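Report on the following structure.
The values are calculated or read from the model by the stated rules, or taken from the named source; none is laboratory data. Since the structure is predicted, the reported quantities are computational estimates derived from the model, not experimental observations. In this analysis, Cβ positions are derived from the backbone assuming ideal geometry, glycine residues included, and neighbour counts consider all displayed protein chains. The accessibility values were calculated without ligands, DNA or RNA, using every heavy atom of the protein model including side chains. Shrake-Rupley method; radii C 1.70, N 1.55, O 1.52, S 1.80 Å.
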Amino acid sequence: MFLNNRKAPKELLYWNALDLRSNLSSNERYILRTLQKGYEGECLYDKIFDEIGHENTYILRDIYLSAGKAAAQYDSIIISGNRVVVNEVKNISGDYRFENNNWYKNGRELSDNAFAQLSRAKGRLKKLRNECRLNFEVEGNLIFPNDDFRLTTENQYVLKETVLRNHMRKYFRQFKDERLSANAMNIAEIIQENAVENPYFNESADIFQIRRGLYCGQCKTFDLYKGRFQMSCNRCGSVESNETHLLRAMGDFEILFSGVPMTRSALLYFIDFQISRTAVYKVLKKHCDITGQGRNTAYKLKYAEVAEVIAKIRETQRYKDRITQI
């Protein structure tokens, strides 16, 4: 069973938000495409695993674990009995070759060796096991969910750790025969206790270099017509309440400006003063935890998933959102 939800990674949220408000460089666009493709592969992994069933295992997804002085990211950790299996999901396509411990694509050696990454991930999990004096075996597999991925190698160990798209269902079925135990739950709890936030991503945008204002949640255009309690999109016709727009803007603010306190003045500047100071204050009080006083008052959203909150409040809003399908 899945013990946590898979969320879009912080890096992907950041570059998506920045893409709406600036002209990304070619390198930044490459980063964004790579992150999007990776997340799509992980979601496909979850979908296929769900279809096969995973009631006899505990599964933790997209977590960072602290082990010693370092932290490692894990796409999926499967726990059952005395066995912990690391799954690293690589949604890549094309012809690859593994030879002499090197990783190649189209004859060019790559700096990112997926098998070395898997080995490091297993090693750090073993380190955590030893530090916490737990008892479990650590295994690992690279999962390639893209059906346009092809691998050539004579290394039998690498082949054993590789799961291609057409073998994923068979691979997942092995876990249906597992049996949960008290030890498995203990292992899962210890791993969760050692989970940390992503310590490596600290990008922050320049508020003076990006486009300010509010945009349509459906077609992403900034071309809005302002009413008293709602805004309508001049491109697709969708209508959203001021509260919906502000929640989306507050989520973007926290994603784009890591470590910068969200004050009422800063948020008003970010949305280009398209909603009144009083209305902004009401929404901040409703949806945020508050710290400080006076000019130093700062607000922090109570929620990790703004989109989920927007979906919920749409059911109870006095001035209903009307989304046009495009």
At 222 nm, what helix-only mean residue ellipticity would the chain give, in deg cm²/dmol to the nearest 500, using -39500 (n - 2.57) for each DSSP H run of four or more? -11500 deg cm²/dmol
Just to make sure I understand: if all protein chains stay in place, what is the order of Glu243, Glu197, Glu305 by accessible area at 1.4 Å, largest first? Glu197, Glu305, Glu243
Please go through the residue pairs Lys47/Lys226; Lys226/Lys300; Lys10/Lys226 and name each one whose alpha carbons sit more than 29 Å apart in this structure. Lys47/Lys226; Lys10/Lys226
Once Rh for segment 144-271 is found with the Kirkwood sum over Cα pairs, what is the Stokes-Einstein diffusion coefficient at 37 °C and 0.692 mPa s, in µm²/s? 162 µm²/s
Sorted by number, the cysteines in the chain with no other cysteine beta-carbon under 4.7 Å are Cys43, Cys132, Cys288
If you take every DSSP beta bridge whose two residues both sit in the chain, what share of them, in percent to the nearest 5, is antiparallel? 70 percent
Is segment 90-175 best put as rounded, prolate or oblate by its Cα gyration tensor, with a ≥ b ≥ c the root eigenvalues, rounded for a/c under 1.5, and otherwise prolate when a/b is larger than b/c, oblate when not? oblate
Neighbour cut-off at most 10 other Cβ (10 Å), DSSP loop, trypsin sites (Lys or Arg not before Pro), segment 74-148: Arg133
Just want to confirm a number: the relative contact order over the chain, from Cα pairs under 8 angstrom separated by 6+ residues, in percent. 16 percent
Rank His54, His287 by accessible area, highest first, at a 1.4 Å probe radius? His54, His287
Sequence neighbours fewer than 8 away in the same chain don't count; with that in mind, list the aspartates and glutamates whose C-alpha is under 12 Å from Lys126. Glu137, Glu139
List the extent of the Cα atoms of segment 1-159 along each of their three principal axes, largest first, rounded to whole Å. 50, 40, 38
Could you compute how fast segment 210-309 diffuses translationally, taking Rh as the Kirkwood radius over C-alpha pairs and applying Stokes-Einstein at 20 °C with viscosity 1.002 mPa s? Give it in µm² per second. 155 µm²/s
Can you tell me how much longer the chain between Asp223 and Ile190 gets when fully stretched, taken as 0.36 nm per residue apart minus their C-alpha distance, in nm with one decimal? 6.9 nm
Contour minus end-to-end for Tyr303 and Lys320, with contour as 0.36 nm per residue of separation and end-to-end as the Cα-Cα distance? 4.0 nm
